[in-house]
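The values are calculated or read from the model by the stated rules, or taken from the named source; none is laboratory data. These numbers were taken from a predicted model, which means no experiment stands behind them. Note: ideal-geometry Cβ built from the backbone for every residue, glycine included; neighbour counts use all protein chains shown. Heads up: the accessible areas ignore ligands, DNA and RNA and are worked out on the full protein's heavy atoms, side chains in. Shrake-Rupley method; radii C 1.70, N 1.55, O 1.52, S 1.80 Å.
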Amino acid sequence: MNLKEINLALRFFLEIGALVGVGYWGWQSFEGWLQYLTGIGLPLLMMSLWGTFAVVGDPSRSGNAPIPISGKLRLALELAVFGFGLWAFYKSGQNKIALAMAALLVLHHLLYLDRLRWLWKQ
């Protein structure tokens with residue numbers, strides 16, 4: 001595996017981590033039907049947004065965009081998903097996980113600066 005493939009795998013695990021963090025926070029923070037809505041529904045909503053709104057030709061994806069959006073909007077979506085995941089781990093008392101995830105996010109984006117520049121120009 002080359003560095004790009006390793007970074008894509010890292011990104012995948014960071015995406016899963018964000019979903020787990022939000023689901024964990026939702027499940028721990030609420031009771032009854034709100035527990036299900038936030039613990040299961042929020043991660044499902046995030047997955048739907050992540051997979052639906054994309055930039056045509058994005059090198060980190062298949063290049064397909066079910067609903068095409070600008071690169072800046074996609075970058076905002078990605079930052080919102082990752083940021084929500086970090087916040088959720090932090091608010092759930094999982095500070096070490098939030099810190100580790102933040103460090104890995106910085107590493108991922110440093111290794112993928114060319115994609116960030118590409119997104120900004122789209």
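Calculate what fraction, in whole %, of the accessible area of the chain sits on carbon and sulfur atoms when a 1.4 Å probe is rolled over the protein chains.
The value for the chain is 70 percent carbon and sulfur by accessible area.
Over the range 8-122, average the accessible area per residue using a 1.4 Å probe and give it in Å², no decimals.
In whole numbers, the range 8-122 has 57 Å² accessible per residue.
Report relative contact order for the chain in percent, whole number only (criteria: Cα-Cα under 8 Å, sequence separation at least 6).
Taking the mean separation of contacting Cα pairs over the length of the chain, I get 30 percent.
Within 10 Å, count the other beta carbons around each residue, average over each peptide in 58-68, 101-111, and list them highest first.
Packing order, densest peptide first, comes out as 101-111, 58-68.
Using the Cβ atoms and a cut-off under 13 Å, what net charge is assigned to the surroundings of residue 59, where Lys and Arg are +1 and Asp and Glu are -1?
Summing Lys/Arg as +1 and Asp/Glu as -1 gives +4.
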